Each structure stands twice: as structure tokens, then as C-alpha cells.
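Read through the structure below, which is laid out as C-alpha cells, and then see the notes.
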Ligand SMILES: [Fe+2]
């Protein structure tokens, strides 16, 4: 278990009004200057949206569209498709946008985890061993395995394991039912990060997520959970240093995060949330190139 540490909330929140709304969870209120945004204008990428979906799962944007959107906004991006690694590896292979191999997996208790890998080879191996043989088109985002088993399997690799949207509504809420609470308790030791801000969740839910993150002393992440091209970059994290695909994993692991940023209106928030709920309820058609992984050079560096 990691050592408890209390972080100044202002360090992570970029929006003053949001920080004020969440005052009861944190003190003191210190809003840090928008240093990372100034740096972005100068050169390099300092900002990353760590939670984006594409057509490889239930999103509507292609990898190319995600890449173009990120280039136009000068941000990095982690493609975290449900039980699918190919989109993430395609973005990495194109070498234009800072990214790391990542995936969102769901357990039989209907709790999800974001897994970030240091090496693409390990991401491929994890996907082939644990995900591909058992995933299904119907209720595609959940696997018939328990959360603690999946987290244990992922922690055998060089990974960062993140609990996304812990207090979002419906099946995404970890407090929803005794079984979920029990399995989350068993999985806590494997968690490196907690998604402290998710664009589809309410401010109240995000405040609770950040509080949980600080109480447990985990690294805070943030992402748009975008399922459409228009919602990419609605939220994410700013770094003190310039990030590339080579140093992004270590920048997160070493907590080089300067703050959480969010860039959303009520309309965009509602549209993003509705799309997420609708897309989750339909069956997915796996119509992408199944041979993509075998085209990549495959060398394994398992710990
Ligand atoms: Fe997601």
C-alpha cells in the first residue's frame, strides 16, 4: 500500500469555479497559475487526454481523426478502447502524437480499469493472453473475469493501473452494491492511479474521485472519456515537462502532473454522456483488421 499523502487541491484543478464548487472536500484553496497552457503555446506537448474511445470499440472517431484532433489541439492522447488494443497501438506506430499503449477492461462485476503499458509488446501479450480469447460482441465492455484477477494479471507487466470514473452513475459507480465494494477493496493494492476527473461524470462525482485519490495517495489522472471526435480533449492532465511517447509513461509514474484541465460546456458534457450510455447498450461489430497485431514486430519483454 502506498503511503498516504495529502496534495493541495489547487495543484490539480485548472478551473477556479470548479475548485470553488468542490471546496468542502479540500483545503486550502490554491489555484496555481496556468503555466502549462503558456508552455503549450511555445513548443512541444504538455497536455494529455488519457481516456479516449475510437471505432475500435464504441467510439465514432477513427484513429486518424483522433490523431488529427490531437495535432490541431497540440495535445497527447491515450486511446483506451474497451477490451481492444489495436487503435492505441496504431496511434503509437504513427509517431505523431504523444501516447502510450492503453486499454480499458471491464470485469464481471461491471467495474472498469484503465491499463497503461510501458512497452507495446507487453500490451500485445496481455491482450492476446487475457482479453482476446474471452471477449465477446454482446456486452462487449465486460469480461467474464473478476476485477482482482484482471488487476493481478495486468500488474505482472510494467503497467500503470487506473480506476476510472469511480463515482459515475449506474454501473460505473464503485459504491453500487456490496459485491462491488468488496472486489474494489481487494483490488486497491494494485491501483497506481485514480481518474480524478472524467468529462462524463458530474462535478460532485469528480470531487469525490479526487478526494478518494488523495486519501489513498494515488496519482490523479483525467480524461474526456470521449466517444466522438467533437469531445476529444475535453479534459486531461498537464505536465511540468514536455511529453513524448517515450517519456509519457514515466512522467505519469513519477507524478510530473502539474494540474487537471477541463474544457467543457454543459452541452458538450450532456452530449458526451448520452453518447457513452447509448453506445454501451448496443452490440459491437468487430469489423476492424484482425491481423494488425501480427503485422507488428513482436518481441516480448516481460518482467
Ligand atoms: Fe471509457
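Just so it is clear, none of the values below were taken in a lab; they were calculated from the coordinates. Note that the coordinates shown come from a computational prediction; the quantities given were computed from them, not determined experimentally. Glycine also receives a Cβ, built like all others from the backbone with ideal geometry; neighbour counts cover every protein chain displayed.
A few comments on the model shown:
- Interatomic Cα distance distribution for the range 50-119, bins of 10 angstrom, percent: 23, 55, 19, 3
- Cα centroid of the range 45-106 to Cα centroid of the range 212-263, whole Å: 13 Å
- Fewest-first sequence of 230, 187 by Cβ atoms within 10 Å of each Cβ: 230, 187
- The gain in end-to-end length when the residue 185 to residue 132 segment is fully stretched comes to 16.4 nm, 0.36 nm per residue minus the alpha carbon separation.
- Projected over every direction and averaged, the convex hull enclosing the alpha-carbon atoms of the range 111-215 yields 7.0 nm².
- The ranking of 95, 73, 234, 90 by Cβ neighbour count inside 10 Å, starting from the fewest, reads 95, 73, 90, 234.
- Highest average first, the peptides 238-245, 45-52 ordered by how many other beta carbon atoms sit within 10 Å of their residues are 45-52, 238-245.
- As a proxy for reagent exposure, 179, 172 were ordered by neighbouring Cβ count within 10 angstrom, fewest first; the result is 179, 172.
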